[in-house]
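Trainee: Starting off with a structure, shown below.
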Amino acid sequence: MSARPLVSVGVPAFNAAESLPAALEGILGQSYENLEVLVSDNASSDETAQVANDFAASDSRVRVIQQTRNLGAQVNFRYLLSIAKGPCFMWAGSDDVHQPEFVASNLERLLHDPTLSGCVSQVRWLRNGIPADLAAGTVPLLGTPRDNLATYMRSARDNSRFYGLFRRDALLPSFPERPFPGFDIAVMAGTLRFGGHDRVDRVLLQRRRRDPAEYTADILQVNGPFIDRLIPLRRLTGEILAQNRQTMSVRALWWLTWRNFYEHSRYWASTDGPYGSVSRLLRDVLDTVRHRVWAKEDSQAS
């Protein structure tokens, strides 16, 4: 890459008229200015397109694409990646808040270390618009590909690294074709075949914490057959096993199996009836197991 490569920023937006101005202001206010900002309005029913077009009228770096029908989240994310021109790419949520040094700080790491496929800063969650706890899913992954995949699978539920800065040629072959819940986990696991993930140890990004009900809605919308609601991560699991055959270890497989059980109980815990009650209990038990195994791994590592 050149010393000042073009950085493409993909902003998938749906009914985001209220939050989009702050998100775009944060992106366009970056200290690193060689950007193209691609906003894909996913057939919103509010003023999202008008808000984005107003920004495009005042800043030539902004390009707005209005989808004629709702593509679904995964296809919209992939569309933005496919039309990007820069060798470096990042997704930016339509309600995310970036600090001015986000792009420059992450890009500096990528330029100085060709073994990296991506880099992200520390991320702070926003709860009802108020800064809260730090995201756990930005742990640096700087070991062997096998170790990186296993460590990633351990904390894949908090996938804040997905909104970091990546080499586009690592993202393209890692993005799955078919939509399924958790596609972002498959993307990040796939990029680890091409290099590790570093972290800038400053909070340069704030993100909204999703409501658990949104997760349940995703399962219902994307997973039609009963088997896919019984095992919500069935297709994600198949994608990870297919993409990462060479780097799959026993430890990574253990965490992938645990996540399948956990997401099954998490989905069914949101339902009524006897099995909903059992699932809520199973979810709590699995959380306890996770914390104990995590603590044991950390103790052995130190």
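The values are calculated or read from the model by the stated rules, or taken from the named source; none is laboratory data. Worth saying up front: this structure is predicted, and the values here are computed from it rather than measured. Note: ideal-geometry Cβ built from the backbone for every residue, glycine included; neighbour counts use all protein chains shown.
Trainee: For residue 117, all conditions in the list (1) closer than 17 Å to residue 170 by Cα; (2) part of a loop (DSSP other than H, G, I, E, B) hold save one; what is the number of the exception?
Mentor: The number of the failed condition is (2).
Trainee: Mind counting the residues in the range 238-256 that are in a loop (DSSP other than H, G, I, E, B) and β-branched (Val, Ile, Thr)?
Mentor: So the count comes out to 1.
Trainee: On to the next question. Checking residue 258 against (1) aromatic (Phe, Trp, Tyr); (2) free of Cβ contacts under 8 Å to residues at least 24 places away in the same chain; (3) within 16 Å of residue 158 (Cβ to Cβ), only one condition comes out false. Which one?
Mentor: The one condition residue 258 does not meet is (2).
Trainee: Could you tell me which of the residues 263, 297 is closer than 27 Å to residue 193 by Cα, modelled with pLDDT under 85, crowded, with 20+ Cβ neighbours inside 10 Å and not hydroxyl-bearing (Ser, Thr, Tyr)?
Mentor: Step by step, each of 263, 297 is checked, and only 263 is closer than 27 Å to residue 193 by Cα, modelled with pLDDT under 85, crowded, with 20+ Cβ neighbours inside 10 Å and not hydroxyl-bearing (Ser, Thr, Tyr).
Trainee: Has the range 268-291 got any residue that is in contact (Cβ under 8 Å) with a residue 60 or more places away in the chain and surrounded by 12 or more Cβ atoms within 10 Å (Cβ to Cβ)?
Mentor: Scanning the range 268-291, I find no residue that is in contact (Cβ under 8 Å) with a residue 60 or more places away in the chain and surrounded by 12 or more Cβ atoms within 10 Å (Cβ to Cβ), so the answer is no.
Trainee: State whether the residues of the range 65-74 include one that is more than 15 Å from the chain's Cα centre (by Cα), surrounded by 18 or more Cβ atoms within 10 Å (Cβ to Cβ) and closer than 22 Å to residue 173 by Cβ.
Mentor: Yes: the range 65-74 contains one or more residues that are more than 15 Å from the chain's Cα centre (by Cα), surrounded by 18 or more Cβ atoms within 10 Å (Cβ to Cβ) and closer than 22 Å to residue 173 by Cβ.
Trainee: If you don't mind, another one. Among the residues of the range 97-130, which ones are of a type in the set (S, T, N, Q) and surrounded by 15 or more Cβ atoms within 10 Å (Cβ to Cβ)?
Mentor: 99, 105, 106, 117, 121, 122
Trainee: Just one of 92, 84, 22 is surrounded by fewer than 16 Cβ atoms within 10 Å (Cβ to Cβ) and at pLDDT 95 or above; which is it?
Mentor: 22
Trainee: Please find, among 133, 158, the residue that is in a loop (DSSP other than H, G, I, E, B), surrounded by fewer than 17 Cβ atoms within 10 Å (Cβ to Cβ) and not aromatic (Phe, Trp, Tyr).
Mentor: After applying the criteria, what remains is 158.
Trainee: Pull out all pairs, ordered by first then second residue, where Cβ-Cβ is under 9 Å, the residues are six or more apart or on different chains, the first lies in the range 1-29 and is under 22 Å from residue 108 (Cα atoms), and the second is in a helix (DSSP H, G or I) and of a type in the set (Lys, Arg).
Mentor: Partner pairs satisfying both residue conditions: 8/168.
Trainee: Moving on to the next point. For the range 124-135, does any single residue satisfy the condition of being modelled with pLDDT of 95 or more and under 25 Å from residue 235 (Cα atoms)?
Mentor: no
Trainee: Say we look at the range 88-111 and pick out the residues that are among the polar types (S, T, N, Q) and in a loop (DSSP other than H, G, I, E, B); which of these is farthest from residue 176 (Cα to Cα)?
Mentor: 99
Trainee: To continue, here is another question. Can residue 251 be described as at pLDDT 85 or above and either under 18 Å from the mean Cα position of the chain (by Cα) or closer than 30 Å to residue 99 by Cβ (or both)?
Mentor: Answer is no for this residue.
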